[in-house]
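Q: The structure is given below, and queries will be raised subsequently.
The values are calculated or read from the model by the stated rules, or taken from the named source; none is laboratory data. Everything quoted here is computed from the prediction, not taken from an experiment. Here the Cβ is made from the backbone with ideal geometry for all residues, glycine too, and neighbour counts use every protein chain on show. Only protein heavy atoms, including side chains, enter the accessible area calculation; ligands, DNA and RNA are left aside. Shrake-Rupley method; radii C 1.70, N 1.55, O 1.52, S 1.80 Å.
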Amino acid sequence: MPSDLEVAMTATVSPPGSATASSRPAPRAPSRVRSSAPSTGRLPGLDGLRTVAIVAVLIFHLNAAWLPGGFIGVDIFFVVSGFLITTLLVRERASTGRVDLAGFWGRRARRLLPALLLAIPVSVLLARLTEADLLVGVGSQVLGALTFAFNWVQIAAGADYFHATTPQLFMNYWSLAVEEQFYLIWPLATLVLLRLVRSGRARAGIAGGLAVLSAVLMALRFDPDAGATRVYYGTDTHVFGLMIGAALAFWYADGGAARLAAPAWVARRRPVAGIAGAVLLGSMWWLEESRALTFRGGLAIASLATAALIAVAVGGGTVARLLDLPPMRWIGERSYGIYLWHWPVILVVNADITSVPGSAGFLSSRLWAVLVTFAIADLSYRLVERPVRRFGWRGAFTRLAACVPGRADGARVLAGAITVLVVATVAVIATAPDATSTEKLIAANAKAAERTATSTATAPALTTATFTMPKGNQIDAYGDSMMIGSVPALKYYFPGIRIDAKSNRRWSAGLAAVTASGTDIRRAVVLSFGTNAGVDEADVRATLDKLGPKRMVVLVNIHLNEARATADNTTLAKVAADYPNAIVADWNAEVTKQRGLLQPDGIHPSMTGQHRYAALVRQALADLSYQHTGKVVKLKPLPIP
């Protein structure tokens with residue numbers, strides 16, 4: 001997540017050998033190479049690293065299948081932020097003998113708040129104009145964002161970053177909170193270290209120790225069954241990237257000198273950049289959220305690779321020149337705004353242009369989301385962020401007001417517009433719905449999806465295999481919220497069907513439900529799991545083994561904008577191929593080729609979608625019957641009621 005994102009390091013830089021606060025000359029490390037950073041204090045290559053980070057996050061959120069580990073871009077930002085902030089503090093202390101904490105926090109506020117205070121109300125109003133479902137829970141999200149506690153607010157609310165079936169408008173702001181908490185606490189800790197610990201390497205060791213502690217906490221507290229959100233959102237378990245960056249800054253500071261000095265290995269071993277870059281890119285592709293290794297050392301390794309790239313880049317040379325190419329600089333300078341805007345823009349575009357991965361219009365909708373994001377971020381950078389940093393809040397307001405037509409009243413017009421924006425935002429938040437349309441539909445169907453409530457008779461003992469087309473009273477269905485959303489259509493297509501479906505079920509829960517039914521299972525069974533936590537091949541096979549070879553079984557595959565969806569559907573197809581009595585109903589393909597089948601959440605079936613869902617199940621049963629009997633089943637089209 002973009003952090004400090006300074007365009008330049010503005011702290012005053014003293015010449016080599018300047019005195020420290022104790023008036024003692026800063027010791028010159030014998031095996032170091034002076035950085036090529038100019039005296040203005042700007043560190044080469046960091047804008048380029050920010051570009052790599054924001055592009056990775058953007059691709060991941062556009063379509064997780066394109067870059068399954070793209071969320072690692074956040075960890076790149078963390079390392080860059082830890083390095084920059086610590087370097088700023090060390091330089092100021094070395095140059096002036098003190099650190100102006102009020103000034104530091106004021107600069108952070110001028111850097112971060114202007115764009116944030118613009119993005120929140122505009123995003124809320126755009127969501128209100130396009131899809132009210134995006135506003136569910138928006139009050140707590142805004143409160144969390146404005147109090148620098150978004151990550152903890154979402155943890156308390158039980159939010160799930162990786163498996164959210166109801167996208168949150170400001171979901172990406174969790175990392176802002178982690179960095180803002182770092183900005184509040186770390187300067188105080190740095191002052192203590194600068195005062196009590198004389199060796200730069202010792203300070204680096206302490207920061208590194210904190211990084212190890214945080215990474216170990218993430219590894220120990222990660223629970224695959226409970227999901228990764230707690231350890232991913234938690235400041236305690238995800239501060240290691242910031243600490244790794246801080247450790248590198250202390251190491252580079254040459255015992256407190258205001259000018260950076262690179263360790264000798266940076267000059268001698270330039271191939272380290274290639275190795276680190278390969279590790280980082282490989283991590284973005286391989287360390288997806290479904291792998292336990294991602295949270296048990298994977299993110300920490302990616303953070304160390306980022307630190308290695310920083311170490312090489314700030315030393316100058318080819319790597320720094322590549323990272324400082326004009327396009328990389330341009331995106332890096334605007335990466336904070338791009339990060340703030342990209343997720344709300346993606347959600348609004350999704351609501352306005354309904355398309356799903358693999359469909360004809362999906363790629364164009366992704367391109368449109370990128371163009372809108374970049375355009376808004378550039379305007380924010382030019383008109384709001386940079387003016388506030390250069391001229392302060394009042395100066396920026398005055399200059400922006402001068403751009404309003406009718407300059408004599410420009411300030412009044414601008415103040416009025418801001419007031420209207422704030423009042424409208426508060427009104428929208430106050431009237432936001434408390435549940436999405438999907439949640440309301442699932443709640444309404446939940447009772448009808450209980451097997452005990454709909455069961456009318458015990459299934460007859462199954463002594464022989466019968467693969468003729470089953471009637472509704474010969475079918476049992478087990479599933480998750482996808483099936484709950486389709487209950488009315490399933491009952492319409494299959495009168496007498498028994499349904500056992502509950503929200504948030506995994507394949508393991510499906511196996512348990514089938515096992516609990518004992519022998520009271522009809523001759524045809526529909527299984528619809530995998531939306532939550534993916535497809536576990538062992539559980540699927542165990543479920544089919546439990547049902548036995550005499551029953552007709554339909555496996556409904558999944559549609560998700562997550563990296564695992566393709567692998568999950570491949571697993572279902574592979575398992576079905578090994579069981580002659582099983583067949584896959586390809587819901588994913590149906591959703592891809594036909595628009596309008598999904599609710600605004602992009603996952604659950606709409607009114608039209610639930611009837612296509614039921615029709616697919618019926619066609620799958622007919623196809624399975626034909627495979628075994630050789631008789632074509634003529635299906636009469638049913639009108640949507």
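Q: Once both labels are modelled 7 Å past Cα along the beta-carbon direction, what's the residue 352-residue 634 spacing in nm?
A: Placing both labels 7 Å along Cα→Cβ, they lie 4.9 nm apart.
Q: How many angstrom separate the Cα center of the stretch 131-148 from the Cα center of the stretch 483-524?
A: If we compute the Cα centre of each part, the gap is 35 Å.
Q: If you take every DSSP beta bridge fully contained in the chain, what fraction is antiparallel? Give it as a percent rounded to 5. Intermediate results must be reported in sequence, preceding the final value.
A: Details: 6 of 23 bridges.
Here the antiparallel bridges make up roughly 25 percent for the chain.
Q: Net charge within 11 Å of residue 356 by Cβ-Cβ distance, Lys/Arg positive one each and Asp/Glu negative one each, not counting residue 356 itself? Show your work: numbers first, answer last.
A: Values: positive: 593, 595; negative: 590.
So the environment of residue 356 carries a net charge of +1.
Q: Show that you can apply the helix-only estimate: for the chain, add -39,500 (n - 2.57) for every DSSP H stretch of four or more residues, divide by all residues, and state [θ] at 222 nm to the nearest 500.
A: Values: 27 runs with 366 residues, N = 641.
Calculated mean residue ellipticity at 222 nm is -18500 deg cm²/dmol.
Q: Then there is this: Angle check, please: helix 240-252 long axis (alpha carbons) against the longest principal axis of the chain (alpha carbons), in degrees 0 to 90, nearest 10.
A: 20 degrees
Q: Go through 63, 77, 501 and say which Cα lies farthest out towards the positive end of the charge dipole of the chain; charges sit on Cβ, +1 for Lys and Arg, -1 for Asp and Glu.
A: Sorting the options by dipole projection puts first 77.
Q: So, one more: Hey, which of these cross-link pairs are over 22 Å Cα-Cα: 491/550; 550/631; 471/491; 491/636? Let's see the in-between values first.
A: Values: 491/550 24 Å; 550/631 18 Å; 471/491 11 Å; 491/636 16 Å.
From the list (491/550; 550/631; 471/491; 491/636), the Cα-Cα distance tops 22 Å for 491/550.
Q: Shifting gears a bit: Multiply the residue separation of residue 378 and residue 325 by 0.36 nm, subtract the distance between their alpha-carbon atoms, and state the gained length in nm to one decimal.
A: Values: separation 53, 0.36 × 53 = 19.08 nm, distance 1.80 nm.
Result for the pair: 17.3 nm of gain on full extension.
Q: Follow-up question, since we're still on this one. For the Cα atoms of the chain, what angle does the longest principal axis make with the long axis of helix 437-446, in degrees from 0 to 90, nearest 10?
A: Roughly 40 degrees, rounded to the nearest 10.
Q: Can you tell me how much longer the chain between residue 197 and residue 398 gets when fully stretched, taken as 0.36 nm per residue apart minus their C-alpha distance, in nm with one decimal? Numbers along the way, then the final one.
A: Values: separation 201, 0.36 × 201 = 72.36 nm, distance 4.55 nm.
Here the segment from residue 197 to residue 398 would lengthen by 67.8 nm.
Q: For the Cα atoms of the chain, what angle does the longest principal axis make with the long axis of helix 564-578, in degrees from 0 to 90, nearest 10?
A: 30 degrees
Q: Where does each of 606-616, 83-93, 275-285 land if you order them by average Cβ count within 10 Å, highest first? Mind showing how you got there, number by number?
A: Values: 606-616: 20.9, 83-93: 24.5, 275-285: 17.8.
Result, highest mean Cβ count within 10 Å first: 83-93, 606-616, 275-285.
Q: Starting from the Cα of residue 593, step 7 Å toward the Cβ, then list every residue of the stretch 563-584 with an amide N under 17 Å from that point.
A: Hits in the stretch 563-584 for residue 593 at 17 Å: 584.
Q: For the chain, compute Rg over Rh where Rg is the Cα radius of gyration and Rh is the Kirkwood radius from the inverse mean 1/r over Cα pairs. Write out the running numbers ahead of the final one.
A: Values: Rg = 28.5 Å, Rh = 27.0 Å.
Ratio of gyration radius to Kirkwood radius for the chain: 1.05.
Q: Dipole magnitude of the stretch 335-411 about its Cα centre, charges +1 at Lys/Arg Cβ and -1 at Asp/Glu Cβ only, in debye to the nearest 20?
A: Values: 8 positive and 4 negative charges, 87 e Å.
With only Lys, Arg, Asp and Glu charged at Cβ, the dipole is about 420 debye.
Q: What residue among 425, 285, 473 has its Cα farthest toward the positive end of the dipole of the chain, where the charges are +1 on Lys, Arg and -1 on Asp, Glu, each on the Cβ?
A: It is 285.
Q: How much area per residue is accessible in the chain when the probe is 1.4 Å and only protein heavy atoms are counted (Å²)? The partial results should precede the final answer.
A: Details: 26090 Å² over 641 residues.
Per-residue accessible area for the chain comes out at 41 Å².
Q: Compute the signed sum of charges (Lys and Arg +1, Asp and Glu -1) over the other residues within less than 12 Å, Cβ to Cβ, of residue 150. It would help to have the intermediate numbers written out before the result.
A: Details: positive: none; negative: 179, 180.
Here the count lands on -2.
Q: Provide the FRET efficiency to the nearest 0.05 for the residue 422-residue 129 pair, computing r from the beta carbons and using R0 = 30 Å. Kindly include the intermediate steps, with their values, before the conclusion.
A: Numbers: r = 17 Å, r/R0 = 0.57.
The pair residue 422/residue 129 has a calculated efficiency of 0.95.
Q: Still on this model: Roughly what would the spin-label model give for residue 508 and residue 413, points 7 Å off Cα along C-beta, in nm?
A: Going by the 7 Å Cα→Cβ label model, 6.2 nm.
Q: If you don't mind, there's one more thing I want to ask. Using a 1.4 angstrom probe on heavy atoms only, work out the carbon and sulfur share of the accessible area of the chain in %.
A: Ligands and nucleic acids excluded, carbon and sulfur reach 63 percent.
Q: Pull out the extension gain between residue 574 and residue 431, defined as 0.36 nm times the separation in residues minus the alpha carbon to alpha carbon distance; nm, one decimal.
A: Values: separation 143, 0.36 × 143 = 51.48 nm, distance 4.78 nm.
Extending this stretch completely gives an extra 46.7 nm.
Q: Taking +1 at the Cβ of each Lys and Arg and -1 at the Cβ of each Asp and Glu, which of 295, 628, 129 sits farthest along the dipole of the chain towards its positive end, judged by Cα position relative to the Cα centre?
A: Ranked along the dipole, the leading option is 295.
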